[in-house]
1. Given the options Ile38, Gln102, Ile373, identify the residue whose Cα lies farthest towards the positive end of the charge dipole of the chain (+1 on Cβ of Lys, Arg; -1 on Cβ of Asp, Glu).
2. What net charge do the residues around Leu34 carry, taking every other residue with its C-beta under 10 Å from that of Leu34, with Lys and Arg at +1 and Asp and Glu at -1?
3. Could the peptides 374-382, 42-50 be put in order, highest first, of the mean number of other beta-carbon atoms found within 10 Å of their residues?
4. Can you compute the modelled spin-label distance between Ala290 and Val275, with each label point 7 Å from Cα toward Cβ, in nm?
5. Do you know the Lys pair count in the chain for C-alpha distances under 25 Å, with sequence separation 8 or more or different chains?
6. Roughly how tilted is helix 329-359, in degrees to the nearest 10 and between 0 and 90, from the longest Cα axis of the chain?
7. Go through Tyr217, Leu159, Gln83 and say which Cα lies farthest out towards the positive end of the charge dipole of the stretch 3-252; charges sit on Cβ, +1 for Lys and Arg, -1 for Asp and Glu.
8. For the stretch 250-317 and the stretch 99-178, what is the separation of their Cα centres, given in Å?
Amino acid sequence: MSLRISDIEGSSDRQTYLSLVVPTYNERPNIQTLVERISKLLDPVLEGFYELIVVDDDSPDRTWELAQALCNDYPQLTVIRRQQERGLSTAVIRGWQAAAGQILGVIDSDLQHPPEILLQMLTALKGGADLVVASRHIEGGGVSDWGFIRRFLSRGAQLLGLIILPNAIGRVSDPMSGYFMVRRDAVIGRDLDPIGYKILIEVLGRCQIDRIAEIGYVFQERQEGASKVTWKQYVEYIQHLIRLRSRGRLEKLKQRFEVPIKRFVRFGLVGLSGVFVDMAIFYLLHDPAALGLPLTRSKVVAAEVAIVNNFLWNDLWTFRDISSQQRGWSKRIKRFIKFNLVCLLGLFLNVLIVNVLVNYFNLHYLIANLIAIAIVTVWNFWINLKLSWRVTQTK
Ligand code: GDD
Ligand code: MN
C-alpha cells in the first residue's frame, strides 16, 4: 500500500506556519506529556500559528482516544485515526496531507526526540534552510547509553545507505533521523511513496531540497512504552533504498529517451514544407517551360534551397527556445552548417535504405521510399536535436 503526497495543495492557509506531525502507535503513556511540553514551548512564540497532528494507526492501547480527549485543552491539536494502514512513514505523509502549514515537520511521540530544540529548528528555517534535520551526529548531538550492537546497527544502516544512495544519504550527518522539518514548497507535487520507517530518506531522495541545516540533539532513552522496531524495519529500509535508487535511474533514462513530441511534429511540418519548396524550385529550374537547366544541377540546387528553407523554419520555430539563447550570425551559420551536413548524411542514408529495401527485400520502390523517408526524418530530427541545436541547450 502506498500513499502519495501529490495531492498536497499548493498553498498553506497562510495563517498556519508550522504543522508538526506526531505519529503514534501504542504511545498512551507518552502522548499527554509530549503535547504538554510542545505546547509550552511553542505557545509563547507561535500561538495560533501552529498545529499538532497526531496520526495514530488504530493503536490497541487506544492512544487515539486519549489524544482526542486532549483536543479540548489544546485547540491546536488534531487527531487522525487510520484504521486501514500501518507504518511510520506513511503515517507522516497522511499527516502532511492534512496539514495547513508552510512548514511540515515530524517528531516521535515517545519523548526520545526532545522538543526543546524545536525553536532552534524554526530559527534555521527562518535563516533560509529548506530542510532542518535534528541530528545525533553533530556537535551537541548523541545517544544516551546505547550498547555497541545498537550503535553498530545504526551506523551500519547509514553506511549501507551511503553505498546504495550516496547523493541523498550523504547530504546529512544523520539520515536515520525521524525528527525534522521541511518547507512545504519543497514537497508540493512530489510523489512520496516510502516503505518502512525512514521518511527522511524519502524527502532527501525525492524533494527539491537546496539548503539543509542540522541541529544537534541527544536521543533520549525511552521511559514509557516500547519501540516498534523489529527486523522487518531493517529489510524495509533496504527495500526503500533500492526503490529510491532505481527511481533515480528510471528518471534519468526517461529524460534521455523522452521524445519531444511537439518539437518533432514541428520538425515534420517543416520537412513537409521543404518538399514543396524542393518541388517548386526543381520545376522552375528544370522544366523546359521555365529555365530548362540540366537535371542534376537543378535537383542539387532545389535540394539545397529546401535545406535552407527547413533550417530557417526550424531555427525560428521548432528550436526557437534554444536558438534564442545563442544569438548572432556566426552562431546561426554554425548551426546551419551542422544542419546541412546532417541532412546530406540523411540523404545518403535515404538512398541506402531504398536500395536495401528494393534489392534485398523486394519491396515496391514507393513503399521503400516511404519507409526510408520515415526513418530519415527521425534520424534527421534526433541528430539535429543532439548536435545542431544542442550546444546552446546545455548551457
Ligand atoms: N502511526 C504510526 N504507525 N506510528 C508509528 C508506527 C506505525 O506503524 N510505528 C512506530 N510509530 C511511532 C512510534 O509511536 C514513535 O512515536 C515513533 O513512530 C518512532 O517509533 P519507535 O518504535 O519508538 O522507533 P525508534 O525509537 O526505534 O526509531 C527511531 O529511530 C530514529 C533514530 O534512529 C525512528 O522512529 C526515528 O524517528 C528516530 O529518529
Ligand atoms: Mn522511539
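The values are calculated or read from the model by the stated rules, or taken from the named source; none is laboratory data. Nothing here was measured: the structure is a model prediction, and the numbers come from that model. Counting neighbours? That spans all protein chains shown, and the Cβs are built from the backbone with ideal geometry, glycine included. Surface areas here come from the heavy atoms of the whole protein model, side chains and all, with no ligands, DNA or RNA. Shrake-Rupley method; radii C 1.70, N 1.55, O 1.52, S 1.80 Å.
1. Ile373
2. Details: positive: Arg37; negative: Glu27, Glu36, Asp108, Asp110.
Combined, the nearby Lys, Arg, Asp and Glu give -3.
3. Descending packing order for the listed peptides: 374-382, 42-50.
4. Each label point lies 7 Å from its Cα, and together they span 1.8 nm.
5. Taking the Cα cut-off of 25 Å, the pair count is 24.
6. 70 degrees
7. Leu159
8. Between the Cα centre of the stretch 250-317 and that of the stretch 99-178, the gap is 59 Å.
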